[in-house]
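Engineer: Okay, here's the structure, questions in a sec.
The values are calculated or read from the model by the stated rules, or taken from the named source; none is laboratory data. Here the structure is a predicted model, which means the values were calculated and not measured. All Cβ positions, glycine included, derive from the backbone under ideal geometry; neighbour counts span all protein chains shown. Heavy atoms of the whole protein, side chains included, go into the accessibility calculation; ligands, DNA and RNA do not. Shrake-Rupley method; radii C 1.70, N 1.55, O 1.52, S 1.80 Å.
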Amino acid sequence: MAHENQTTGQGHAPATERRPSGASALLLHLHPRVVPEGALRLSRTFGLGGAALVLFVLLAVTGALLLIGYEPSPERAYGTVVSLVEQVPFGAFVRNIHHWAANGLVLVAFLHLLRVFNRGGYLRPRQGNWLLGVVLLLLVLASAFTGYLLPWDQLAYWAVTISTGMLEYVPIVGGLLLRAARGGSEIGSGTLVRFFVLHVALLPLALLGLLSFHLWLVRKAGGVILPAGTGDEASPRGPLVPTSPALTRREGVAALVVLAAVLLLAAVADAPLLAEANPGLSPNPAKAPWYFMGVQELLVHLHPLFGAVLVPALALGLLAVLPALAGGARPSGRWFESPRGARLALGAAVAGALLAAAGIAFSENVRRTPPWFPALPPAVRGGLFPTVAAAALVAALGLWARRRGATRLELVQTTFTLILAAFVLLTATGVFFRGAGMALAWPWSIP
């Protein structure tokens, strides 16, 4: 779907190719006139890149409608949202669409990045576009986060308070970063104005510009990666078919499916809106947005310097150096590179989830006992030691995979999958299993 199914392959369109018009002609500005027939299979991309593009457009349209009645001030913001929901015809529905499209975009962008990784799209010669994709994911997260505060209710106020408070743990410049993000030492009018400008102007413009560059790089690289042996000497990428209607029709259907899913969700599930923000009354528990809950869960178990700063920074660094770790390998175009790679990735995912669950259980028990090694600084016993232990477990798994004959590429894939599975379980624990005081609880027992 969308930009993923493009190519610069050689060949001529069949003589029966029809002259495109209307919407098809517009879409051909994003595509070549012909595409490999093998690139049209849903399993190549699952349409995730195109789904992200549809959600971005939907957010732009609904966001523009929501702007008509919104006032970005602590005195008026909450009232304008309540008025929109209760008095404006279809106002609640438009807000619901915007809410679910924003959350959907975060999820789809993450899954798209994961799909690209597992099909080798981060390898040469596409490593530059991989880094651009990581930046786009960060911008999507920033856009969702800055929009989170705008309703100015209890949920938004305290989620942003928790999330921005993590900046204070950055050594030396933490206080400066915190004041820059909030526009002062506390969440207030300066914070709301900053987040509003970022959300409605700066971040959308940055996303639009980088997304256009991203699409161009995908087309320049030849579109979706196809497995070796797809074609023959005359046509290495297989038979070519006209982009319109072969690709444009599929994209149209997929876009309608995404739109229908968001509209259905908006019709049955309202966007949350709690009481107006009250700086003097914190909810219990006060949680970050779900996409930052993995980091907040780390703070439950690690010293803040490690949980909020060093471990997330190392994770972002890993995303950036993945192409280099692969050692110049080229993508095969197959899922997980090989059947053995698929088995190793599945084993790593299970191991990562189990190790994270075991680590949480162990940490919960340790927290109820007197500190181990009390003479050591808290950052050492509560941050350095657990982080080194986790790194040793990851290295042990990598050594095990290597001894089972894993290639360097499969080893990179296995290690990344292990870390990602552990982080996903940490996120799920924070979202669904943390109750009052951030204590573990069953979801149905949490108010």
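Engineer: Roughly speaking, what is the stretch gain from PHE433 to SER445, that is 0.36 nm per residue apart minus the C-alpha to C-alpha distance, in nm to one decimal?
Structural biologist: My answer for the length gained is 3.4 nm.
Engineer: Assuming a ≥ b ≥ c are the square roots of the Cα gyration tensor eigenvalues, decide whether segment 32-186 counts as rounded (a/c under 1.5), prolate (otherwise, with a/b larger than b/c) or oblate.
Structural biologist: Cα axes put segment 32-186 in the oblate bin.
Engineer: Let me ask something else about it. Could you calculate the contour length gain from GLU37 to ARG408, that is, 0.36 nm times the residue separation minus the distance between their Cα atoms, to one decimal place in nm?
Structural biologist: 130.4 nm
Engineer: Just to be sure I follow: if Rg is taken over the C-alpha atoms of segment 350-447 and Rh is the Kirkwood radius over the same atoms, what is Rg/Rh?
Structural biologist: Values: Rg = 16.2 Å, Rh = 15.4 Å.
When Rh is taken as the Kirkwood radius, the ratio is 1.06.
Engineer: Right, here's the next one. Can you send over the carbon and sulfur percentage of the accessible area for the chain, probe radius 1.4 Å, protein chains only?
Structural biologist: 70 percent
Engineer: Another question about this same structure. Arranged from highest to lowest average of other beta-carbon atoms within 10 Å per residue, in what order do the peptides 351-358, 138-145 appear?
Structural biologist: Numbers: 351-358: 17.6, 138-145: 19.9.
By packing density, highest mean first, the sequence is 138-145, 351-358.
Engineer: Calculate the spin-label point distance for ALA361 paired with LEU210, positioning each point 7 Å from the Cα along the beta-carbon direction, and give it in nanometres.
Structural biologist: 4.0 nm
Engineer: Can you give the Rg and Dmax of the chain based on its C-alpha atoms, in angstrom?
Structural biologist: 23.9, 81
Engineer: Mean Kyte-Doolittle of at least -0.5 and a Cα length of 24 Å or more along the axis: which whole DSSP H helices of the chain meet both? Let's see the in-between values first.
Structural biologist: Details: long enough: 48-67 (28 Å, 2.55); 91-118 (40 Å, 0.90); 127-148 (32 Å, 1.53); 203-221 (26 Å, 1.35); 243-268 (36 Å, 1.53); 339-367 (42 Å, 0.84); 385-403 (27 Å, 1.19); 408-432 (36 Å, 1.53).
Taking the DSSP H segments of the chain (at least 24 Å long, mean hydropathy at least -0.5), we get 48-67, 91-118, 127-148, 203-221, 243-268, 339-367, 385-403, 408-432.
Engineer: Also, quick follow-up: Based on the alpha-carbon gyration tensor of segment 127-202 and its eigenvalue square roots a ≥ b ≥ c, which shape applies: rounded if a/c is under 1.5, prolate if not and a/b is larger than b/c, or oblate?
Structural biologist: The shape class here is oblate.
Engineer: Right, another one. Rolling a 1.4 Å sphere over the protein heavy atoms, what is the accessible area per residue of the chain, to the nearest Å²?
Structural biologist: 50 Å²
Engineer: Here's something else I'd like to know. How far apart, in nm, are the 7 Å Cα→Cβ label points at ALA379 and ARG343?
Structural biologist: Result for the modelled spin labels: 4.5 nm.
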